[in-house]
Structure formats: structure tokens, C-alpha cells
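The values are calculated or read from the model by the stated rules, or taken from the named source; none is laboratory data. In this text the structure is predicted, and so the values were computed from the model without any measurement. Note that we place each Cβ from the backbone using ideal geometry, even for glycine, and neighbour counts take in every protein chain shown. Quick note on the areas: whole protein, heavy atoms, side chains included, nothing else; ligands and nucleic acids left out. Shrake-Rupley method; radii C 1.70, N 1.55, O 1.52, S 1.80 Å.
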Amino acid sequence: MGTTLLFFSQLNMCESKEKTFFKLMHGSGKEETSKEAKIRAKEKRNRLSLLVQKLEFHEDTHSSRSGHLAKETRVSPEEAVKWGESFEKLLSHRDGLEAFTRFLKTEFSEENIEFWIACEDFKKSKEPQQIHLKAKAIYEKFIQTDAPQEVNLDFHTKDVITKSITQPTPHCFDAAQSRVYQLMEQDSYTRFLKSDIYLDLIEGRPKRPTNLRRRSRSFTCNEFQDVKSDVAIWL
């Protein structure tokens with residue numbers, strides 16, 4: 001707004017100088033014809049409109065950039081520090097979960113957190129149809145041999161799930177989910193706390209651009225029909 005006021009002040013000064021110069025050149029007794037006055041007024045309005053648009057564009061762009069920066073740094077360093085206290089605190093915070101997922105993508109292991117999220121949603125299922133269809137989708141995507149996002153499980157755990165998948169219960173993936181959770185906590189989490197992604201957050205630095213592979217399609221219950229998802233957080 002201050003830039004706009006300054007512009008109008010400068011414009012008035014230029015207009016005054018223009019009138020004085022015109023009088024000196026043509027004499028005070030000569031007046032512009034009606035046609036010339038209309039042309040001059042039209043040109044002045046066009047110049048004014050163009051310059052005002054430029055000023056407004058500059059101010060809007062500056063405001064947009066400031067808002068974008070604020071959005072990127074919405075996590076306070078104090079909040080991010082709490083994520084270093086335990087893996088549970090990290091996953092219980094939406095922004096912490098998002099930051100950890102970004103880190104796993106840099107290590108090409110985001111299937112672990114996506115499996116964990118899918119299991120959290122699955123355990124909330126109540127209707128038999130939901131339980132059956134969601135269990136089948138999780139098994140085919142994360143558990144079976146050569147699954148598109150196969151997680152690292154021991155043979156015994158996979159065998160138990162394979163035998164129970166025809167009659168699944170809301171807790172048939174508990175052992176696998178616990179295994180993946182421990183893997184992330186003991187391995188990925190410790191590296192996350194030393195990563196630039198986390199250090200930037202606790203020091204209040206803006207998010208850095210990261211070169212990542214194309215992310216695989218996230219698990220959602222929209223992959224099959226007539227099934228409602230109860231998940232609270234999707235990344």
C-alpha cells in the first residue's frame with residue numbers, strides 16, 4: 001500500500017512539471033483543443049492503469065511468497081525437538097509422520113511406513129466385508145512374494161498371515177506390523193534424527209528441495225468398491 005501512495009505522489013509531481021513546461025513552450029494564452037485534451041486524458045488514464053496493475057502484481061507476488069515460506073516452516077523447532085524423544089511421539093504427530101515419510105523416500109523404503117499406516121486403518125474395521133477386502137488388499141500389496149511394495153518379514157510371520165488371509169481378523173497383521181515398527185524404530189529412526197530433513201526442522205530452516213524417485217501409489221481403501229476407510233491420516 002505504501003508503494004502505491006508513493007507512486008501517486010510522484011505522478012502528481014510529474015504532471016505539475018508537464019503543465020509548467022507546456023506553458024513555457026506555447027504561452028499561457030494558448031489552450032489545447034477539446035480533441036487534444038481528450039486524447040491526452042485517455043493516454044494518461046492508460047498509463048495510470050498499467051502502472052497500478054504492475055504495483056498490485058508486485059505486492060501480491062511478495063505476499064504470496066511470504067505465505068508460502070510461512071507454510072513451509074509451520075513446524076516449530078520446539079515441536080520438532082520432541083520428536084527426538086521417542087519414535088512413538090514422532091509418528092503420533094501429523095507433521096512428524098510426514099517428515100519421516102519424506103526421509104524414508106530418500107532411502108527407497110517408504111513401503112514400511114505405508115504398511116504401518118494401512119495396518120492402523122485395518123484394525124479399525126468392524127464389518128466383515130471391510131475386514132475381508134482390506135486384508136486381501138494389504139496382503140497383495142505388502143505381504144505376498146513379489147508384492148509391489150513388499151515389506152521385509154521373516155518366513156514364519158509371512159506364513160502365518162498367508163494361512164489366515166482366507167478368514168482374516170482385525171488383528172491378523174499385528175505381528176507383521178510390530179516387526180516393521182521395530183525395524184523402523186531401531187534402524188530408520190536413528191538415521192532420521194541425523195538427517196538434513198530433521199536437522200533443518202529443529203533449527204528452523206526452510207524445507208530443502210529433495211531429489212526423489214517417483215513415489216509409488218499410496219495404499220487407500222478406494223482401491224476396492226463399497227469399502228469405507230476409517231483412516232485419520234493419509235500422506
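If the limit is 18 Å between Cα atoms, which of K126/K163; K105/K207; K124/K158; K82/K105; K82/K124; K89/K134 go over it? Correct reply: K126/K163; K124/K158; K82/K105; K82/K124; K89/K134. With a Förster radius of 41 Å applied to the C-beta separation of E127 and D196, the computed FRET efficiency comes to 0.40. Expressed in Å, the radius of gyration and Dmax of the Cα atoms of the stretch 77-203 are 15.7, 50.
Please give the charge dipole size of the stretch 77-203, origin at the Cα centre, charges +1 on K and R Cβ atoms and -1 on D and E Cβ atoms. Round to the nearest 20 debye. Before the final figure, lay out each step's value.
Values: 16 positive and 24 negative charges, 116 e Å.
The calculation lands at about 560 debye.
The accessible surface of the stretch 77-203, taken with every protein chain in place and a 1.4 Å probe, is 52 percent carbon and sulfur. Taking label points 7 Å from Cα along the Cα-to-Cβ direction, H171 and E78 give a separation of 4.0 nm. Need one number: nm distance between label points at T145 and E36, each 7 Å from Cα along Cα→Cβ, rounded to one decimal. Result for the modelled spin labels: 9.6 nm.
Remind me, relative contact order of the stretch 77-203 in percent, using alpha carbon pairs under 8 angstrom and six or more residues apart? The partial results should precede the final answer.
Working: 100 pairs, mean separation 40.3, N = 127.
Averaging sequence separation for qualifying contacts and normalising by length gives 32 percent for the stretch 77-203.
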